[in-house]
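Step one of this worksheet: look at the structure below.
Taken together, the values in this text are just the output of simple stated rules run on the coordinates, not laboratory data. Remember, predicted model here, so these are calculated numbers, not experimental data. Methodologically, a virtual Cβ is constructed for each residue, glycine included, from the backbone with ideal geometry; neighbour enumeration extends over all protein chains shown.
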Amino acid sequence: MTSISLRNIQKTFGKDTQVIKDVNLDIADGEFCVFLGPSGCGKSTLLRMVAGIEDVTAGELRIGNVRMNEVPAAKRQVAMVFQSYALYPHMSVYENMAFGLRQAKVDKAEIDLRVREAAQILQLDPLLERMPRALSGGQRQRVAIGRAIVRSPNVFLFDEPLSNLDAALRVHMRAEISRLHKKFNHASAIYVTHDQTEAMAMADKIVLLRAGTDMSKYGSVAQIGTPMDLYHRPSNRFVAEFLGSPRMNFLAASIEGSKESGLTLRLMSGETLNVPFLDRGIKTGTTVTLGIRPEHMYPVSANTPDCRLTRPVRQVERFGEYSYVYLNGDSSDTLIAKVSGDCYANSSEAMSLGFDPQNCHVFDEEGLALPRIGAANSSR
Amino acid sequence: MSSTITSGSSTAASGRSLLVRVLIPVLGLFWLAVTTLPFIFVTMTSLKSQQETFVTSGWSLPQSLNFENYLAVLNGGFWTYLRNSVFVLVLSIVLIIVISSMAAYAFARLRFRLNKPLFGLIVAGMIVPIHITLIPIYLLTRNIGLYDTPFALIGPYVATALPVSIFILTEFMRQIPKELEEAAKLDGCGTFGVFWKVFLPLSGPGLSTVAIYNGIGLWNEFIFAYVLTSTPAYRTLPLAIWDFQGQYASNIPAILTVVTLTSLPLIVAYAFGQERIVKGMMAGALKG
């Protein structure tokens, strides 16, 4: 059993600098969990607490149902891949990979077998006698992963392992790490990144963390769920804004009326539209925020009966396959629509964009998502 | 207008570069003279007879290559002094490296309450002139029964070398990435394991610096050797000059022969180790 459980985890540096607040999380056996969030949200700190190289200020950390708060790093059966690789510069690739096993007093023949097996999986065989300084970034990263694999840990921890690699190598290594995790699926993995693409591509489960005053007010965890959960059903505005590129469009609106079929919203520009959300007791006239992802908007004619917004085009960016159309928002914000590459829009002309109300999101004044009709209520 | 400004600034720049091109070689030659002329003087004089030093100018070349002084020195107590010097030096350097590297690791990496004050206190030890410690050290050495023994010099040598050695190694170890320490802990190393298997091997250049820097100082050390030993059997090389220094006369060429022979190992060591000394001294000054 290598499940990981975090209960009310807190981390404070010094007397009052809180970086982690109220983290409750369960990572199942063999699950690939990604900690995602902006800089300073404490995702690396949380990972280091699981690793045992950072103390847990309060709360309980369990790995395989055993309390780990007081267990030293070496005895937690975890292996970590660092952002800077952290290869020992005075040891060859072989020695780097064998070091942990030698510390554990594993038999010499067994060490040799395991190192060579891992080297073969990672195509490091010809590099075993080289020193780390004679390796490229990608090769060093593979050695760092190899060093983790040979120990057959219960938990793999990755601290932004791809951020020092170039774009092409990142994509390659991303697939490689996912492949390796499936191969060693007895072990759970926690992967820290600030890159939402990595998180979406690799995760079974994403833990989106927040920083600053929101963290102090609501706790560190903004939402936990599968990548598609977070993308399609963000529980608050922060999650909606963080995931997706370009980010979600937000339009201020007020509640005109509430029926069984949903809410009628009036935008600041005067347009009204019906969306399938419950009011959760919010009174008519209250200000809410309507969210629509750029990829959920499409060009329509000006007299279409669909939900639509008509705004002057500010700028168009063409990428061949698709284009980004920037339109004037209702306030200082710009609306962005991701449209097909063969859609021609001209700057300063008005453009009408339609959208399916099912793809909209509505957030209350606190930034909490209103419940969608027909969907399970999501909580903060 | 703009071309005038450009040409004016380029004239100023070329003037500065001319100054730099002339000044740097002149200063370099001056420093070369300051460092090599005394050595040339000492070597030349060691090849003269005592009589010759009285009748010729100090800077005149020897009339013939006279190795009598070298024979006299080598046939005297030189080898005993050399053996004592090597013994004291090796033991002192080993102790300095062991103690200072452990202390440096603690100051650079371990979190404990008195880390900064203790480090400050040790660094402050660098400004204490050794001469004011002479009498207490002499009394202490005599009281513990080490006066005029092969071990008399080791304690004071190690103690006086520790502040600068700890300072150099602490700065060096602070440059070693924290992730290596964390990786070693995850690999199963305890605090001593991290020090012994990761920090010590990675501190090679710093340890060499400390060894060479202190080695040069201790090889030439005179005052403690003079105060704490009295029998020729336990004296070190710098005291060999006393063999040629009488109450009323001194054999200058023989004394300078001792100086030349004493300097030779240092010159060889520096020739091979200068890169490491400079590297160690510069550690942390530049982003790697």
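Which whole-Hz couplings ³J(HN,Hα) result when phi for each residue of segment A:43-50 is put into the Karplus expression 6.51 cos²θ - 1.76 cosθ + 1.60, θ = phi - 60°, listed in order with x for Gly and Pro?
Going residue by residue, I get 5, 5, 4, 5, 5, 5, 5, 5 Hz, with x marking Gly and Pro.
Using helices alone, what [θ] at 222 nm do you get for chain A, with -39,500 (n - 2.57) per DSSP H run of 4 or more residues, divided over all residues and rounded to the nearest 500?
-7000 deg cm²/dmol
Give me, ordered by chain and number, the residues 5 or more places off A:Asn249 or on other chains with an amide H under 5 Å from its own placed amide H.
Amide H to amide H, under 5 Å and 5 or more residues apart or across chains, A:Asn249 pairs with A:Ile292, A:Arg293.
Under the rule a/c < 1.5 gives rounded, and otherwise a/b versus b/c splits prolate from oblate, where does segment B:76-287 land using the Cα gyration tensor?
Prolate shape, in that a/c is at least 1.5 and a/b is the bigger ratio.
What percent antiparallel are the DSSP beta bridges of chain A, to the nearest 5?
Beta bridges within chain A, antiparallel portion: roughly 75 percent.
For chain A, count all C-alpha to C-alpha pairs, find those more than 37 Å apart, and express that count as a whole percent of the total. Display every interim value, and only then the final one.
Details: 24524 of 72010 pairs.
Counting pairs separated by more than 37 Å, the tail of P(r) holds 34 percent.
Using each residue's phi in segment B:257-272, evaluate 6.51 cos²θ - 1.76 cosθ + 1.60 at θ = phi - 60° and report the 3J(HN,Hα) Karplus result to the nearest Hz, with x for Gly and Pro.
5, 4, 4, 4, 5, 5, 6, 3, x, 5, 4, 5, 4, 5, 4, 8
Taking every residue in B:171-180, how many Cβ atoms of other protein chains lie within 10 Å of its Cβ, on average?
Per residue, the number of nearby Cβ atoms from other chains is 3 on average.
Taking only DSSP H segments of four or more residues, each worth -39500 (n - 2.57), what value at 222 nm results for chain B once the sum is divided by all its residues, to the nearest 500 deg cm²/dmol?
It comes out at -23000 deg cm²/dmol, rounded to the nearest 500.
Which chymotrypsin sites (Phe, Trp or Tyr not before Pro) in segment B:130-222 sit in a loop by DSSP (not H, G, I, E or B) and have at most 10 other Cβ atoms within 10 Å of their own Cβ?
Those that pass, being in a loop and sparsely packed, number zero.
In whole Hz and in residue order, list the ³J(HN,Hα) couplings for segment B:33-42 that follow from phi through the Karplus curve 6.51 cos²θ - 1.76 cosθ + 1.60, θ = phi - 60°; x for Gly and Pro.
So the J values, rounded to whole Hz, are 5, 4, 8, 9, 4, x, 5, 5, 4, 5.
Testing the spin-label approximation: label points 7 Å from Cα along Cα→Cβ at A:His232 and B:Leu114. State their distance in nm.
The answer from the label model is 6.4 nm.
Of the listed pairs A:Lys105/B:Lys197; A:Lys15/B:Lys197; A:Lys108/B:Lys178; A:Lys217/B:Lys185; A:Lys259/A:Lys338, which have alpha-carbon separations greater than 23 Å here?
Working: A:Lys105/B:Lys197 15 Å; A:Lys15/B:Lys197 34 Å; A:Lys108/B:Lys178 29 Å; A:Lys217/B:Lys185 35 Å; A:Lys259/A:Lys338 32 Å.
As for pairs spanning more than 23 Å Cα to Cα, those are A:Lys15/B:Lys197; A:Lys108/B:Lys178; A:Lys217/B:Lys185; A:Lys259/A:Lys338.
Using 7 Å Cα-to-Cβ label points, what is the B:Gln51/A:Thr12 separation (nm, one decimal)?
9.1 nm
Which net charge results when you count Lys and Arg as +1 and Asp and Glu as -1 among the other residues whose beta-carbon is under 15 Å from that of A:Asn69?
My count for the surroundings of A:Asn69 gives +3.
Hey, can you grab everything whose amide H is under 5 Å from the amide H of A:Ala58? Only 5+ residues off in sequence or another chain; H modelled, so Pro and N-termini drop out.
A:Gln10
Tally Lys/Arg at +1 and Asp/Glu at -1 over every other residue whose Cβ is under 13 Å from the Cβ of B:Thr170; what's the total?
Local charge sum for B:Thr170: +2.
Over all directions, the average projected area of the alpha-carbon convex hull for the protein assembly as shown comes to how many nm²? Can you show the working numbers first?
Numbers: hull surface 191.7 nm².
Over all viewing directions, the protein assembly as shown projects a mean Cα-hull area of 47.9 nm².
What list do you get for A:Cys41, A:Cys33, A:Cys343 if you sort them by fewest beta carbons within 10 Å? Walk me through the numbers before you get to the answer.
Working: A:Cys41 25, A:Cys33 21, A:Cys343 15.
Going from least to most buried by this count: A:Cys343, A:Cys33, A:Cys41.
When a footprinting reagent is the concern and you count Cβ atoms within 10 Å, what order do A:Leu267, B:Leu153, B:Leu32 take, fewest first?
Listing A:Leu267, B:Leu153, B:Leu32 from fewest to most nearby Cβ atoms yields B:Leu32, A:Leu267, B:Leu153.
Please sort by residue number the GluC sites (Glu not before Pro) in segment A:269-344 whose DSSP state is loop and whose Cβ has at most 10 other Cβ atoms within 10 Å.
Those that pass, being in a loop and sparsely packed, are A:Glu321.
When B:Arg21, A:Arg48 are ordered from fewest to most other Cβ atoms inside 10 Å of their Cβ, what list results?
Values: B:Arg21 9, A:Arg48 20.
Ascending Cβ contact count within 10 Å gives the list B:Arg21, A:Arg48.
Based on the Cβ-Cβ distance from B:Thr43 to B:Arg142, what FRET efficiency comes out when R0 is 41 Å, to the nearest 0.05?
Working: r = 39 Å, r/R0 = 0.94.
Computed FRET efficiency for B:Thr43 and B:Arg142 comes out at 0.60.
Please give the FRET efficiency for B:Leu121 paired with A:Thr287, using the beta carbon to beta carbon distance and R0 = 56 Å, rounded to the nearest 0.05. Mind dumping the intermediate values first?
Numbers: r = 63 Å, r/R0 = 1.12.
Taking R0 as 56 Å, the efficiency between B:Leu121 and A:Thr287 is 0.35.
Taking 8 Å as the Cα distance limit and 6 or more residues as the minimum spacing, I'd like the relative contact order of chain A as a percentage. Spell out each step's value before the answer.
Values: 789 pairs, mean separation 57.1, N = 380.
In percent, rounded to a whole number, it is 15.
What net charge do the residues around A:Ala28 carry, taking every other residue with its C-beta under 11 Å from that of A:Ala28, with Lys and Arg at +1 and Asp and Glu at -1?
Cβ neighbours under 11 Å give a net charge of -3.
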